[in-house]
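Rule-based calculations on the coordinates, nothing more; no lab input. Keep in mind it's a predicted model, so treat the numbers as computed, not measured. Virtual Cβ from ideal backbone geometry, glycine too; neighbours counted across all protein chains shown.
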Amino acid sequence: MVNSQLMRTLLYLFSVFLFFSCANNDAVVSCVFSPDLETFEVTYISSSSAILTGRISFNAENCNIPPGAQQGFVYSTSSLPSIEDNLIAVYGTDVGVNLDNLEPNTTYYVRTFIANSLGEYYGNEVLFVTSNAINYGISTYETSFQGLDRDYIVYIPENYTPEHPSPLLFVYHGFGGNNNLTMNYTGFNEIANQNNFIVVYPQGSNFIGVPHWNVGGWTLGSTTDDIAFTEYLINTISDQYSINNDRVYATGMSNGGFMSFLLACQMSDTFAAVASVTGSMTTETYEQCTPLRELPVLQIHGTIDPIVPYAGVQAWNTPIDEVLTYWATNNECNLTPQIISLEDIDPDNNIRVDEITYDGGTNASVVKHYKVYGGGHDWFDNAEISASELVWEFFSNYDLNGLIN
């Protein structure tokens, strides 16, 4: 009897225990919050802006998240930015924002984030570097290269934008000349505005007290490495501006034309085309030329040039006809050129011009020559011929892969 009463009492207590245990388990419900945050690579980076994109999502079970929860991007110039730094609220799953008012040439760090009553959550960190401020127009730079003080002028056209890589044109002055004078008489800056390319006017170093480009011939004895200086300028300008590396060109007058041919021989994998006005190839350049590919060439030369004679000077000036044949052979062009006599617009200036074209070369490459009968040692700009316009018209057809269209 006692045992029966005891058993009933124990069963009752156990039932009560189970009741309250189940009641407590039903009351304690865990909040499960699982964010999924991804920060994508930053795009369209300029000197003052960039576009941020990412993905923000989460799973929330049994969570009562109060109003005021935030999400978006945080950024800073220090690693691991948080909501205590710069915050941009952006809502949705696939998120993006245009970030403005940045400092030029500065490293920024960015992360996606969610912040609510449960805590702060961050995605992966991405860094980006803003570009240098754009100095439109004419800028003069000084630098020290291989122990020499060098300078150069860069012209940025008014329509330049970093989003669209620009062609780059090198313009080399003549022996004893200077880059500022060359910039003024060639007029390439205005052509650059019309066609949206960047122009660089390097200044030659002194040799026997005269600015020059070391091309052999009459500059034998110079120790200046102008090929290396050109490579340095390409790298420096490419670090500052968005350059189309398939469209780098070189032209120049006289010694600058000789320099353009030297670049064609030694940097044919960099320069898409070259043009010489009243220049040629020195004996050293001609004999040591080792282009790695076909290279479109334009030569403009007067028949009565007293400084760089059309027929050549054996000691240093290769005859123009031999220069043309060399490049036509290199490019595998037809060695019988097409000749067109241009209209003699001003008979009183005693100038007439033949357009001589060696066509049919590899990748549609050509060798083109404007033979200026009665022309001297000039950067031609007269009724019959405009050297600057012809040079850019020629260059605009080619990139490193050949004919553009």
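Whole-Hz Karplus values for the range 46-56 come out as 10, 6, 9, 8, 6, 10, 9, 9, x, 10, 10 Hz, taken residue by residue from phi with 6.51 cos²θ - 1.76 cosθ + 1.60 and θ = phi - 60°; glycine and proline positions read x. The residues packed around SER48, meaning those with a beta-carbon under 15 Å from its beta-carbon, carry a net charge of -3 if Lys and Arg are +1 and Asp and Glu are -1.
Considering all alpha-carbon pairs of the chain, what whole percent are spaced by more than 31 angstrom? Looking at the chain, the distances longer than 31 Å represent 54 percent of pairs. Positive contributions from Lys and Arg (+1) and negative ones from Asp and Glu (-1), summed over other residues with Cβ under 14 Å from the Cβ of PRO35, come out at -2. Ordered by the count of other Cβ atoms within 10 Å of each Cβ, fewest first, LEU263, LEU80, LEU220, LEU390 give LEU80, LEU220, LEU390, LEU263. Projecting the Cα atoms of PHE170, LEU233, SER386 onto the dipole axis of the chain, where Lys and Arg carry +1 and Asp and Glu carry -1 at the beta carbon, places LEU233 farthest toward the positive end. For the range 191-244, the gyration tensor built on C-alpha atoms gives a prolate shape. Its axis ratio a/c (a ≥ b ≥ c) is at least 1.5, and a/b is the larger of a/b and b/c.
Positive end of the dipole of the chain, charges at C-beta (+1 Lys, Arg; -1 Asp, Glu), about the Cα centre: which of LEU220, GLY96, ILE356 has its Cα farthest in that direction? Value: GLY96.
Neighbours of GLY137 by Cβ distance under 14 Å: Lys/Arg scored +1, Asp/Glu scored -1, total -2. In order along the range 184-190, the phi-based Karplus estimate (6.51 cos²θ - 1.76 cosθ + 1.60, θ = phi - 60°) of 3J(HN,Hα) comes to 6, 7, 7, x, 5, 4, 5 Hz; Gly and Pro are listed as x. In the range 32-129, inverting the average of 1/r over every pair of distinct C-alpha atoms gives 13.7 Å as the Kirkwood radius.
Ordered by the number of other Cβ atoms lying within 10 Å of each residue's own Cβ, fewest first, CYS289, CYS31, CYS333, CYS265 fall into the sequence CYS31, CYS289, CYS265, CYS333. Using θ = phi - 60° in the Karplus curve 6.51 cos²θ - 1.76 cosθ + 1.60, the 3J(HN,Hα) couplings for the range 374-384 round to x, x, x, 9, 9, 8, 5, 8, 9, 4, 8 Hz; x is entered for Gly and Pro. Dipole check for the range 291-351: with +1 at the C-beta of Lys and Arg, -1 at the C-beta of Asp and Glu, and the Cα centre as origin, the magnitude is about 340 Debye. Proximity of backbone amide H atoms, modeled 1.01 Å from N, is registered between ASP305 and TYR310 at under 5 Å, excluding neighbours fewer than 5 places apart on the same chain.
In this structure the amide hydrogen of MET281, modeled in the peptide plane, comes within under 5 Å of the amide hydrogens of THR318, none closer than 5 places in sequence on its chain. From the alpha carbon centroid of the range 340-362 to that of the range 369-405 is 11 Å.
Ranked by how many other Cβ atoms sit within 10 Å of their own Cβ, fewest first, the residues ASP348, ASP94 fall in the order ASP348, ASP94.
From its DSSP helices (H runs of at least four residues, each -39,500 (n - 2.57)), the chain gives a residue-normalised ellipticity at 222 nm of -7500 deg cm²/dmol.
Measuring between their Cα centroids, the range 67-109 and the range 167-211 lie 44 Å from each other. Each Lys and Arg Cβ is given +1 and each Asp and Glu Cβ -1; about its Cα centre, the chain then shows a dipole of about 1440 debye. Check SER268: other-chain or 5+ apart residues with amide H under 5 Å from its amide H, H built from backbone geometry? Residues meeting the criterion, in which the H sits 1.01 Å from N, are LEU292.
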